[in-house]
1. Between residue 4 and residue 37, with labels modelled 7 Å along Cα→Cβ, what's the label distance in nm to one decimal, could you check?
2. Over all directions, the average projected area of the alpha-carbon convex hull for the stretch 44-105 comes to how many nm²?
3. To check my understanding: the extent here is largest minus smallest coordinate of the Cα atoms along each principal axis. What are those three numbers for the chain, in Å, largest first?
4. Who wins for biggest fluctuation among 73, 29, 17 in a Gaussian network model of the chain, springs between alpha carbons below 10 Å?
5. For helix 76-94, what angle does its Cα long axis make with the longest principal axis of the chain, in degrees from 0 to 90 and rounded to 10?
6. Mean separation of Cα pairs under 8 Å and 6+ residues apart, divided by the residue count of the chain: what relative contact order is that in percent?
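Since every read-out is calculated from the coordinates, none of them should be taken as a lab result. Quick caveat: nothing in here was measured; it's all calculated off a predicted structure. Every residue, glycine among them, receives a Cβ derived from its backbone with ideal geometry; neighbour counts consider all protein chains shown.
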């Protein structure tokens, strides 16, 4: 499972799958409202890069140039296809047959 997460799922989620980042406002009753504008959708990596002084949040041995290369290695669709294929392979390897058929009442 860990190999699947680090090799396929995490790169797909961080570099290729957009997420909605809400803009939180307060209405007249004091209730917080979340609004999702079209400009609020980006991948987590794009959102990180858009922050001011984003370099301070990176690990010491990591740079945006390296992360840009990882993000541009393949298209969003290609990454999703590879992740789906790896997921299917993982689930097939986890599938085991029961030694006895299930009992129904």
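1. 3.9 nm
2. That works out to 8.6 nm².
3. Over the chain, Cα extents along the principal axes are 60, 45, 26 Å.
4. Result: 29 has the largest fluctuation of those listed.
5. 30 degrees
6. Contact order relative to length: 31 percent.
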